[in-house]
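This report concerns only the one structure given below.
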Amino acid sequence: MDELNVLGGPLEPCGTDPMTGFRRDGSCSCGPEDVGLHAVCAVMTEEFLEHQRSVGNDLSTPRPEWRFVGLHPGDRWCVVAARWLQAYDAGAAAPVVLAATNERALELVPIERLIEHSVDVPGDASSLT
């Protein structure tokens, strides 16, 4: 079965430059092997990157051994749901692309918090309640 986004629709691609996703396929798909739950399609900001660096999750430094190029503000990246929530709680949440955020993010992050930081609100916002 195809995975769904937090809005209940088909999971849209998150980003291909750089290539994101647990499987590095551009999507925040989360199969059973993704124990970290790389489910939130986030748009990197300097504040988010700095916060993550300060808590030991350096997303800016390239790590070729993990096929990780290092991120810059403006990059879209499938982040671990718990890490996004950690940044939210610290006041440093990155913007979220709801249509590309896997519904499994809702296992950890309330939809209201994702909506609060969404950058892709649909024309009919009634679907967000």
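Just wondering, is there one or more residues in segment 33-52 that are over 16 Å from residue 3 (Cβ atoms) and polar (S, T, N, Q)? Yes - at least one qualifying residue is present in segment 33-52. Residue selection: residue 66 satisfies the criterion of being without any contact (Cβ under 8 Å) to a residue 12 or more places away in the chain and within 19 Å of residue 26 (Cβ to Cβ).
Restricting to segment 21-38, name every residue that is on the phi > 0 side of the Ramachandran plot and touching a strand residue (DSSP E or B) at 6+ places or on another chain (Cβ under 7 Å). The answer is 21, 26. As a summary of the residue check, residue 103 satisfies the conditions (1) surrounded by 14 or more Cβ atoms within 10 Å (Cβ to Cβ); (2) in contact with an Asp or Glu (Cβ under 8 Å, 6 or more places away or on another chain); (3) under 24 Å from residue 17 (Cβ atoms) except for the one numbered (3).
Out of all the residues in segment 71-125, which are among the aromatic types (Phe, Trp, Tyr) and touching a Lys or Arg at 6+ places or on another chain (Cβ under 8 Å)? Steps first, answer last, please.
Quick first cut of segment 71-125, residues among the aromatic types (Phe, Trp, Tyr) only: 77, 84, 88.
Answer for segment 71-125, where residues must be among the aromatic types (Phe, Trp, Tyr) and touching a Lys or Arg at 6+ places or on another chain (Cβ under 8 Å): just 88.
Against the numbered list (1) closer than 23 Å to residue 120 by Cα; (2) in contact with a strand residue (DSSP E or B) (Cβ under 8 Å, 6 or more places away or on another chain); (3) buried (at least 17 other Cβ atoms within 10 Å of the Cβ), residue 59 comes up short only at (1). Pairs are defined by a Cβ separation below 7 Å, a sequence spacing of at least 6 or placement on different chains, a first member in segment 80-92 that is more than 14 Å from residue 38 (Cβ to Cβ), and a second member that is surrounded by 19 or more Cβ atoms within 10 Å (Cβ to Cβ) and aromatic (Phe, Trp, Tyr); the pairs so defined are 87/48; 92/48.
Consider segment 29-53 and keep the residues that are small (Gly, Ala, Ser) and at pLDDT 95 or above. The one that is surrounded by the fewest Cβ atoms within 10 Å (Cβ to Cβ) is 29.
The values are calculated or read from the model by the stated rules, or taken from the named source; none is laboratory data. All values reported here derive from a predicted model rather than from experimental measurement. Heads up, the Cβs are rebuilt from the backbone with ideal geometry, glycines too, and the neighbour counts pull from every protein chain shown.
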